[in-house]
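Colleague: Please read through the structure below; I'll follow up with questions.
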Amino acid sequence: AGKIGADWSILGTDISDRVLRSAQAAVYPQDRLRAVSPERLRRYCLKGEGPADGQSMIIDKLVARVRFGQLNLCKPIEGLGPFDVIFLRNVLIYFDIPTKAAVVDRVLETLKPGGLFFIGTAEGRVPCKTPLQTVIPGAFRKVG
């Protein structure tokens, strides 16, 4: 229906502390936000001035809904989920085929039945044991 409940939240993960610290700061160069509509920029970002010229900061109302944590996808994922949607983009390219399959199945264990799973289209369809239904290229629904 294009709507989410009032209690939504986002968990962003990475293996890199540096990347996580940067994400937690919620400050981005404005040129990295060029695909964001002007209306959304006005509504959800504060435009930097003076020494912060050329940067945008995400408003506190959104920052409060997002948390970040370190996650090694090659190890068991404990205490996370279940999730409605998972984006696993631009990470599978670093793994060989057996590791890709193990990572995808491990991640999909945290996805609710009927939940959506997104991977980068360049990464192709990853073989996994978890039954998935293709929605569009790069987007799948967990069967069950």
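Colleague: Would you mind getting the accessible area per residue of the chain, heavy atoms of the protein chains only, 1.4 Å probe, in Å²?
Modeller: On the way: 10170 Å² over 144 residues.
Accessible surface, normalised per residue, equals 71 Å².
Colleague: Expressed in nm to one decimal, what extension gain is obtained for the pair Gln24 and Tyr94 from 0.36 nm per residue of sequence separation less their Cα-Cα distance? Walk me through the numbers before you get to the answer.
Modeller: Working: separation 70, 0.36 × 70 = 25.20 nm, distance 2.42 nm.
Gain in length upon complete extension: 22.8 nm.
Colleague: Scan the stretch 1-80 for GluC sites (Glu not before Pro) in coil per DSSP, keeping those whose Cβ has at most 16 other Cβ atoms within 10 Å, and list them by number. The partial results should precede the final answer.
Modeller: Details: sites: Glu39, Glu49, Glu78; in loops: Glu49, Glu78.
Those satisfying the criteria are Glu49, Glu78.
Colleague: Which net charge results for the neighbourhood of Thr110, defined as the other residues with beta-carbon distances under 13 angstrom from its beta-carbon, given Lys and Arg at +1 and Asp and Glu at -1? Provide the component values of the computation, followed by the final result.
Modeller: Values: positive: Arg106, Lys112, Lys142; negative: Glu78, Asp84, Asp105, Glu109.
Here the count lands on -1.
Colleague: Okay, next question. With +1 on the Cβ of every Lys and Arg and -1 on the Cβ of every Asp and Glu, and nothing else charged, how large is the dipole of the stretch 78-144 about its Cα centre, in debye rounded to the nearest 20? Kindly include the intermediate steps, with their values, before the conclusion.
Modeller: Numbers: 8 positive and 6 negative charges, 37 e Å.
The calculation lands at about 180 debye.
Colleague: Another one. Towards the positive end of the charge dipole of the stretch 8-80, with charges on Cβ (+1 Lys, Arg; -1 Asp, Glu), say which of Ala26, Val36, Ile77 has the farthest Cα.
Modeller: Val36
Colleague: I need the trypsin sites (Lys or Arg not before Pro) found in the stretch 26-62, filtered to DSSP loop residues with at most 13 other beta carbons within 10 Å of theirs.
Modeller: On the way: sites: Arg32, Arg34, Arg40, Arg42, Arg43, Lys47, Lys61; in loops: Arg34.
Hits after loop and neighbour filter: Arg34.
Colleague: Right, here's the next one. Straight distance only, please: which aspartates and glutamates reach the Cα of Lys142 with their own Cα at less than 12 Å, same-chain residues fewer than 8 apart left out?
Modeller: Asp84, Asp105, Glu109
Colleague: Describe numerically, in nm with one decimal, the distance between label points set 7 Å from Cα along Cα→Cβ at Thr134 and at Ser9.
Modeller: According to this spin-label approximation, the distance is 3.6 nm.
Colleague: With no solvent and one equal point scatterer placed on each C-alpha of the stretch 41-138, evaluate the Debye formula and give log10 I(q)/I(0) for q = 0.13, 0.19, 0.23, 0.24 Å⁻¹, two decimals.
Modeller: Results for the stretch 41-138 at q = 0.13, 0.19, 0.23, 0.24 Å⁻¹ read -0.62, -0.96, -1.19, -1.27.
Colleague: Follow-up question, since we're still on this one. Could you report the accessible area of Val66 in Å², rounded to 10, computed with a 1.4 Å probe on the protein chains as they sit in the structure?
Modeller: Roll a 1.4 Å probe over it and Val66 shows about 50 Å².
Colleague: What dipole magnitude, in Debye to the nearest 20, does the chain give about its Cα centre under +1 on Lys/Arg Cβ and -1 on Asp/Glu Cβ?
Modeller: On the way: 21 positive and 14 negative charges, 63 e Å.
Charge dipole, the chain, about its Cα centre: 300 debye, nearest 20.
Colleague: Out of the total accessible area of the chain (probe 1.4 Å, heavy atoms of protein only), what percent is carbon and sulfur? Numbers along the way, then the final one.
Modeller: Working: 5530 of 10170 Å².
In the chain, the share of accessible area belonging to carbon and sulfur is 54 percent.
The values are calculated or read from the model by the stated rules, or taken from the named source; none is laboratory data. Everything quoted here is computed from the prediction, not taken from an experiment. Cβ atoms come from the backbone with ideal geometry, glycine included; neighbour counts cover every protein chain shown. Just so you know, the surface numbers come from the protein's heavy atoms only, side chains and all, with ligands and any DNA or RNA stripped out. Shrake-Rupley method; radii C 1.70, N 1.55, O 1.52, S 1.80 Å.
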